[in-house]
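No value in this document is a laboratory result; all are computed from the given coordinates. Computed from a prediction, not measured in an experiment: that's the story for all the values here. Positions of Cβ are backbone-derived with ideal geometry, glycine not excepted, and every protein chain shown enters the neighbour counts.
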Amino acid sequence: MTRTLRGTAIVEGEAEGAAMVTAENLAFSLVDPATGIVRQPGHPWFGLSVAGKVLFFPSGKGSSSGSYWLLNLGDEGNAPAAIVNTQTDAVIIAGAVLAGIPLLHRVVPDPLGCVATGQLVRVRAGGAIEVAAPAAGDRAA
C-alpha cells in the first residue's frame, strides 16, 4: 500500500529511492562530490551519503556555489535520486536543472511530517510522490 503526496515539480523527472528526511536546510557546497557524504558541521546527515537517495529537507543553505557542487555530485555519480523541498531556492533549482535531478516543492501534506527516513519513495513526473507504507513492525528512523 502506498500514500500519494502532491507538489509542484520544478524539475520534472522520475526517480525512486530510500528517503532521507530532515528539518534542517542543506548546503550542497558541504557535500563531497567524490563520495556524496555530507560534511556540513552539525547537520543531522553529517557523515551520511546522499547518493541515490530521495532527499526531503526545507531548503538550501549557503552560497550560489551549491549549484556547482550539486552538478559535481551528478558528474561523479553521487547525486541524490530526487530532491523534495518545503520551499526550494534558486541555488537548488539551478543545480537540479544542471544535474537533471527531479525537484519538487510545496508538497501536500507536508512530507517532513509524514515521510520517514528509509521509506521507499517514487517521484513521478508532474509532482506526485508515492510513499510506500512501512512493513509491519518497522519504525521511523
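Tabulated data for the structure shown
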{"item": "Value of [θ]222 nm, deg cm²/dmol, for the chain, DSSP H segments ≥ 4, -39500 (n - 2.57) each, nearest 500", "result": "-5000 deg cm²/dmol"}
{"item": "Cα-centre dipole for the stretch 2-132 with unit charges at Cβ (Lys and Arg positive, Asp and Glu negative), debye to 20", "result": "260 debye"}
{"item": "Folded to 0 to 90 degrees: helix 65-75 orientation relative to the chain principal axis, Cα", "result": "70 degrees"}
{"item": "Relative contact order of the stretch 25-64, defined on C-alpha pairs under 8 angstrom at six or more residues apart (%)", "result": "45 percent"}
{"item": "R0 of 22 Å, Cβ-Cβ distance Ala128-Val97: FRET efficiency to nearest 0.05", "result": "0.65"}
{"item": "Prolate/oblate/rounded label for the chain (Cα gyration tensor, a/c 1.5)", "result": "prolate"}
{"item": "Length gained when the stretch Arg3-Glu76 is fully extended (0.36 nm per residue, less Cα-Cα span)", "result": "23.1 nm"}
{"item": "Dipole axis of the chain (+1 Lys, Arg; -1 Asp, Glu on Cβ), positive-most option in Met20, Pro80, Ser49", "result": "Met20"}
{"item": "Cα-based helix-to-principal-axis angle, 90-99 vs the chain, degrees rounded to 10", "result": "90 degrees"}
{"item": "Efficiency of FRET from Cβ geometry, Thr117 and Ser64, R₀ 22 Å, rounded to 0.05", "result": "0.20"}
